[in-house]
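The values are calculated or read from the model by the stated rules, or taken from the named source; none is laboratory data. Computed from a predicted model, the values in this text were never measured in an experiment. Note that we place each Cβ from the backbone using ideal geometry, even for glycine, and neighbour counts take in every protein chain shown.
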Amino acid sequence: MTESIALPAEPHHATRGGLMRWITTTNHKDIGTLYLIFSLIMFFIGGAMAMVIRAELYQPGLQFVTPAFYNQMVTLHGLIMVFGAVMPAFVGLANWMIPLMIGAPDMALPRLNNWSFWILPFAFTLLLLTLFLPGGAPEGGWTLYVPYSLELGYSFPFMIFAIHLMGISSVLGGINIIVTILNMRAPGMTLMKMPLFVWAWLITAYLLVAVMPVLAGGVTMQLLDHYFGTHFFSVAGGGSPVLWEHVFWFFGHPEVYIMILPAFGIISEIVPTFSRKPLFGRTSMIYALASIAFLSFIVWGHHMFTSGMPVSADLFFMFSTMLIAVPTGVKIFNWVATMWRGAITFETPMLFAVAFIILFTIGGFSGVMLALVPADFQYHNSYFVVAHFHYVLVTGAVFAIMAAVYYWLPKWTGHMYNEFWGKMHFWLSVISVNVLYFPMHFLGLAGMPRRVPDYAVQFTDLNMVSSIGGFVFGASQLIFVAIIFATVYGGRRAEARAWEGAHGLEWTVPSPAPYHTFATPPEVVG
Amino acid sequence: MNVSADSYYLPHESRWSILGSIGLFSFMLGAGIWLDGYNLVGPLVMGAGVLCIISTKFGWFGTVIRESLAGRYNLQVDRTFRWGMIFFIFSEVMFFGAFFGTLFYERLFVVPWLGGATNMFFTHALLYPHYRALWPTNGPAHAGGEFSRMPTWGIPALNTLILLSSAVTVTWAHWALKAGHRRKVVAGLVATIALGTTFLAMQAHEYYLAYTHFNLTLHSGIYGATFFILTGFHGLHVTIGVIMLTVILIRVLRGHFTPERHFAFEAVSWYWHFVDIVWLGLFIFVYWL
Ligand code: HEM
Ligand SMILES: [Cu+2]
């Protein structure tokens, strides 16, 4: 070529300043940051609601709130933590890390990316607005079971529409992630060479696109039943309230895997780094992810064993659910085998990762107990279920998110966090979280039902223990925020490869990662 | 030569998305206010939302079209659009899947159970002994009163024929586009739009008949509910399809497409085929069986 080519000026920083930068940004790092900050705020709003719940349960009887308000707290806590905290945190991590890990200049659809994020604050405004309506917020639980849900007053349509908005945001985000992974990989980054975090997200995004529309369809039917006189969920007209449970859990079970597969990906990145060994059984890890995703579509009935299904359906869902333990076991085995004879060091990300492996496994075990139909007849709707899903979601998903934040914070900010305070945060969290949730197993087995503000006196001791654990856990998270702030604004400079044992493209770019990375794709070899 | 065409095009800012979010928010806020019984404020807020959403569509797609005409999109961007559209349609398939699943579950399980099938004998005998599990049904309470379903071989069959022909015409237009025959492309698109519009008019007439002659309404138990949700959302999708086809027609007339590069055209035709296939499911499971 003879003519000199004037490349379009690539700004190395944001094109606008102030608020407009964040509103109009198409940069995956900006949007990742927005998601992560949003999720952190939601963690604290949802967390404050959990504190109300634990305060009320500290003693039997009604102390602080009315039963109706208690139910509102339980409902909003669930919806906010699932859709506002855990999911956006993972999407934020995906935004930040996937382009860096596959050597792409950005997400495939940057404008759509902006939109996926900017729907969320509006969705949660709509949901939280209901607190100020006459009659208050929704009370039917995050599962929106009919007929409770259909008996809601003013809050009902806002809750439904908020869920529609969250669904739109998730589907658009999911499409963007899939397309980025399929189409934006650097030359040589074959599918089987992709980091496991990317693999996990490819499958998660597929689940998102597959099941969020089903939830949207379901809540639309509720809307029609409530206001337009249809009979989807009413037996009088030939419908059935159990239909809602099927629709919800067809979405809901893949949804719980949407909240854990990216965590699996994160752990599969962190454990090899701090064990200074390649991941054991990489290929089997990928197949395990894929089979978990497949199985997650055919197990939803395990949430409905007591709702009145034919025995044959009970049996089918019992066995399919227990099958999931196989690929899950493969993953846990592989993480442990990766650590086996590794030169392990226990920096904060690794501590959280090891805690994840142990505590998530406890949650998996209680899951298998719940999967047994005759046993579940006892456990269902008790605190045992609450213990189960908090082990998989808090010490599972949330611990993985925290591990990821400590692991990649140097890459994002260019600073190392303070290791002492990181460990403080870890130890306080890991102890208090067990004080908080472990007693719930016994409460459940002893017969304490979930979603009640009051309880029989014999449950008092364990509830007090649990509440104390809850307050300490809640307070410990302030350390987390303080560490994040401190690391953003200062701290020891991080090198490009912040962790000695880390591999992968994200560690080849400087820390903090420049505003634009991989404008020319890297060559991936080996 | 446009130099930026060698690398993946990354826009530096997104102006329209925030308006889109405000539009969605205001539409839904307004809808909520309206459903909560405020018949004036609600629709006003909703209307404002709709305006924002429409402007967003114009602004956003306008920008994309301008960038596409300026040659900013290389083949990799084209692949992005293709994958994006495929997974978007997949999400729509799942959306309809929820309603088809509802139909099958109600019809194959719930209604027989209400009629006393399997171990529901006593429930049936004690609670609603007179209920017979026949399809279509409006349930033990005869919700919405006696009704009958639309005769299969009337409007529904005709509508099937119309939509299937429109699939042919849109494919014909696509072949013509690839062969570079502008006039035939225009003819094919006009025919497709005309068929789509006819379909919608017939559907509207069918709804009118359903309400006035067959007493088939939203209140007609589970049959009415599944009938209207499936045909209603399908009709909405046909409407969107017709609007998109019209945009494509305008773009063809303005010479936006070449025989090699015309992804927007293909995307809309994929969408149209998807709507078509959903209709086949509707015809078989809602109208016929
Ligand atoms: C070995 C894997 C797992 C098995 C066998 C399993 C099994 C079960 C079963 C049978 C129930 C229903 C209990 C009842 O309501 O009576 C349940 C509830 C639940 N599980 Fe799991 N589970 C597993 C993993 C997970 C994971 C990874 C997550 C999320 C990250 C999760 C989240 C939940 C939630 C949120 C509920 C309660 C939903 C509600 O009723 O509100 N589970 N699980
Ligand atoms: Cu489940």
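Quick grid of which residues meet (1) assigned to a helix (DSSP H, G or I); (2) surrounded by fewer than 23 Cβ atoms within 10 Å (Cβ to Cβ); (3) more than 16 Å from ligand 1 (Cβ to nearest atom):
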site	(1), (2), (3)
A:Met97	yes, no, yes
A:Met107	no, no, yes
A:Pro121	yes, yes, yes
A:Pro138	no, no, no
A:Tyr145	no, yes, no
A:Ile160	yes, no, yes
A:Met189	no, yes, yes
Of all residues making up the stretch B:274-289, the number that are touching a Ser or Thr at 6+ places or on another chain (Cβ under 6 Å) and surrounded by fewer than 17 Cβ atoms within 10 Å (Cβ to Cβ)
1
Among the residues of the stretch A:280-299, which ones are in a helix (DSSP H, G or I), near ligand 1 (Cβ under 10 Å from one of its atoms) and over 25 Å from A:Trp340 (Cα atoms)?
A:Leu295
Considering only residues that are at the interface with chain B (Cβ under 9 Å from one of its Cβ atoms) and buried (at least 24 other Cβ atoms within 10 Å of the Cβ), which ones fall in the stretch A:226-245?
A:Thr230, A:His231, A:Phe232, A:Gly237, A:Gly238, A:Gly239, A:Ser240
It is to be established whether one or more residues within the stretch A:132-151 are in contact with a Leu (Cβ under 6 Å, 6 or more places away or on another chain), free of Cβ contacts under 8 Å to residues at least 60 places away in the same chain and facing chain B (nearest Cβ under 9 Å).
no
Looking at this structure, is A:Gly265 buried (at least 24 other Cβ atoms within 10 Å of the Cβ), among the small types (Gly, Ala, Ser), outside any helix (DSSP H, G or I) and more than 16 Å from ligand 2 (Cβ to nearest atom)?
no
Find the residue count for the stretch A:268-279, including only residues that are surrounded by fewer than 23 Cβ atoms within 10 Å (Cβ to Cβ) and within 16 Å of ligand 1 (Cβ to nearest atom).
0
Being facing chain A (nearest Cβ under 9 Å) and touching a residue at least 40 places away in the same chain (Cβ under 8 Å) is the filter; apply it to the stretch B:108-135 and report the residue that is surrounded by the fewest Cβ atoms within 10 Å (Cβ to Cβ).
B:Val110
Looking at (1) near ligand 1 (Cβ under 8 Å from one of its atoms); (2) more than 17 Å from the chain's Cα centre (by Cα), which is the only condition A:Ala397 fails?
(2)
Residue ID - nearest to the chain's Cα centre (by Cα), chosen from residues in the stretch B:62-75 that are assigned to a helix (DSSP H, G or I) and exposed (fewer than 15 other Cβ atoms within 10 Å of the Cβ):
B:Gly62
When restricted to A:Phe250, A:Phe317, the only residue within 16 Å of ligand 2 (Cβ to nearest atom), modelled with pLDDT of 95 or more, crowded, with 19+ Cβ neighbours inside 10 Å and closer than 29 Å to A:Gly92 by Cα is A:Phe250
Determine if the stretch B:249-256 includes at least one residue that is touching a residue at least 12 places away in the same chain (Cβ under 8 Å), surrounded by fewer than 17 Cβ atoms within 10 Å (Cβ to Cβ) and among the hydrophobic types (A, V, I, L, M, F, W, C).
yes
Can you tell me which residues in the stretch B:257-273 are surrounded by fewer than 19 Cβ atoms within 10 Å (Cβ to Cβ) and of a type in the set (Phe, Trp, Tyr)?
B:Phe263, B:Trp270
Mind telling me which of the residues B:Met46, B:Met85 ends up being in contact (Cβ under 8 Å) with a residue 12 or more places away in the chain, in the same structural domain as B:Phe263 (by TED's automatic domain parsing) and under 26 Å from B:Thr246 (Cβ atoms)?
B:Met85
If you go through the stretch A:343-377, how many residues are without any contact (Cβ under 8 Å) to a residue 40 or more places away in the chain and farther than 20 Å from A:Val394 by Cα?
2
From the list A:Met339, A:Met309, A:Met304, pick out the single residue that is within 14 Å of ligand 2 (Cβ to nearest atom) and either not assigned by TED's automatic domain parsing to the domain that holds A:Pro453 or not charged (D, E, K, R) (or both).
A:Met304
(1) in contact with a Phe, Trp or Tyr (Cβ under 6 Å, 6 or more places away or on another chain); (2) in a helix (DSSP H, G or I): which one isn't true of B:Leu218, the others all being true?
(2)
Pair list, Cβ < 9 Å and 6+ apart or interchain, from the stretch B:232-245 residues that are under 13 Å from B:Tyr207 (Cβ atoms) to residues that are at pLDDT 95 or above and buried (at least 21 other Cβ atoms within 10 Å of the Cβ):
B:His234/B:Phe96; B:His234/B:Val275; B:His234/B:Val278; B:His234/B:Trp279; B:His234/B:Leu282; B:Gly235/B:Phe199
Filter the stretch B:210-229 for residues that are within 22 Å of B:Leu103 (Cα to Cα), more than 14 Å from every other protein chain (Cβ to nearest Cβ) and surrounded by fewer than 16 Cβ atoms within 10 Å (Cβ to Cβ) and give the result.
none
Does B:Tyr207 satisfy the condition of being of a type in the set (Ser, Thr, Tyr) and buried (at least 16 other Cβ atoms within 10 Å of the Cβ)?
yes
Among (1) surrounded by fewer than 19 Cβ atoms within 10 Å (Cβ to Cβ); (2) aliphatic (A, V, I, L, M); (3) away from ligand 2 (no atom under 14 Å from the Cβ) - the single one A:Leu359 does not satisfy
(1)
